[in-house]
Ligand code: ARG
């Protein structure tokens, strides 16, 4: 069995159960690339300040490079007896290069090491998420551009409310995911400080240069306080919160797609490649991708609550509780990435069923508000206009008719403020196009909003 780096103080071997209980390598082996990157930066800094000779630095850098290679080739064996990724890699390095390997841990501890590795890992994941969000936003916008003239029943309480351009509806999601992008970037800004060189918690007597290490790792600077540096996991909580919110947004879109795809609506046709069938009912084509996106939200929220709870009331500085931080974050961020990609494909391949939409727009008195708005524009107080329209709707329901069945004279039976153009005013197209207020659904507005959104999306990532 390999000797533990801390075995000097111990006279008993670690109990097998405790070994299994305390190991984290089954999870944090995922940090191998960041761990090696951090160690190389640390070694180069130790060399710059005169602590390592050229030969020692070269041996460390080459040795770590070779280990990285072996891990990526799948020929490196992580040993749970060595607890975590940090000790596994350092132990192997020392085995391969001898004494120089033992000098690498000067002026650092696993506490600042893991905090650094984890920040680098989350930063890499957020960069990928930002890229996926930009692709998704572009996809949503392309879909919107193709559907400025597609009118759908806008809903409140999941009931017909007012007609809107489908592009306008999609632009609502563009706003949400632009906010998500912004939030992740903001999270990245606070995350991007380097803990390395804080050592266990108090700093180090060695004449190190933390700015050098920070620069080498692409951080904006070293964390200011060595105690905070090793005990802070705000960046992980924030990343998971941002992921939770993005998952919530995805789940709302997923839910709408499920509803639109359900038989009573049939507003959309989903791509076969993004649906699955039933093992018993041959006619079924289920929106499983959307359902799974909706279902996976729970796990991401759960991870956020788990992490917040792990961190709650932890005294400063490092406590082993914090080892539980990685799994929820890794899983949550991975889940979000998959969900964004899946939704990008689903939305991209979604076709609108114009016939079903037209039929649906004819139901539910969806332009009743236009009748009231028409009267209000003629000078009738809106409350009175609302009452008159309500009476009209109630009569039409009793007679099994709709607003589209009425002539101008029919309208005038309810109010002499109606003129001949009322008949035109209650078509879904006119209902949409009259809503020219800023942010409203008029098609000319929506086309302008698409141009604006395109520019905002193109500016992202600069
Ligand atoms: N595996 C540990 C973690 O993930 C690394 C830090 C351990 N530090 C310590 N003093 N036990 O948190």
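The values are calculated or read from the model by the stated rules, or taken from the named source; none is laboratory data. All values reported here derive from a predicted model rather than from experimental measurement. A quick note on method: Cβ atoms are made from the backbone with ideal geometry, for glycine too, and the neighbour counts reach across all protein chains shown.
The figures follow:
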quantity: Inter-residue pairs, beta-carbon under 6 Å, first buried (at least 19 other Cβ atoms within 10 Å of the Cβ) and in the stretch 45-67, second outside any helix (DSSP H, G or I), 6+ apart; calculated: 45/209; 46/52; 60/104
quantity: Of all residues making up the stretch 357-376, the number that are in a helix (DSSP H, G or I) and in contact with a helix residue (DSSP H, G or I) (Cβ under 9 Å, 6 or more places away or on another chain); calculated: 12
quantity: Residue that is buried (at least 20 other Cβ atoms within 10 Å of the Cβ), part of a helix (DSSP H, G or I), within 16 Å of the ligand (Cβ to nearest atom) and within 20 Å of the chain's Cα centre (by Cα), where the choices are 118, 136, 177; calculated: 118
quantity: Only one of 292, 307, 245 that is within 23 Å of the chain's Cα centre (by Cα), crowded, with 22+ Cβ neighbours inside 10 Å and outside any loop (DSSP other than H, G, I, E, B); calculated: 307
quantity: Residue check for residue 303: at pLDDT 95 or above and more than 30 Å from residue 225 (Cβ to Cβ); calculated: no
quantity: Some residue of the stretch 303-320 being in contact with a strand residue (DSSP E or B) (Cβ under 7 Å, 6 or more places away or on another chain) and farther than 25 Å from residue 120 by Cα; calculated: no
quantity: Of all residues making up the stretch 275-289, the number that are assigned to a helix (DSSP H, G or I) and buried (at least 21 other Cβ atoms within 10 Å of the Cβ); calculated: 1
quantity: Meets criteria (away from the ligand (no atom under 16 Å from the Cβ), at pLDDT below 95 and either under 30 Å from residue 139 (Cβ atoms) or surrounded by 14 or more Cβ atoms within 10 Å (Cβ to Cβ) (or both)) for residue 161; calculated: yes
quantity: Test: residue in the stretch 74-87 that is away from the ligand (no atom under 16 Å from the Cβ) and either closer than 18 Å to residue 216 by Cβ or assigned to a helix (DSSP H, G or I) (or both); calculated: no
quantity: Residue in the stretch 88-115 that is farthest from the chain's Cα centre (by Cα), counting only those that are within 11 Å of the ligand (Cβ to nearest atom) and in a helix (DSSP H, G or I); calculated: 88
quantity: Residues within the stretch 390-408 that are without any contact (Cβ under 8 Å) to a residue 40 or more places away in the chain, surrounded by fewer than 19 Cβ atoms within 10 Å (Cβ to Cβ) and not in a loop (DSSP other than H, G, I, E, B), tallied; calculated: 11
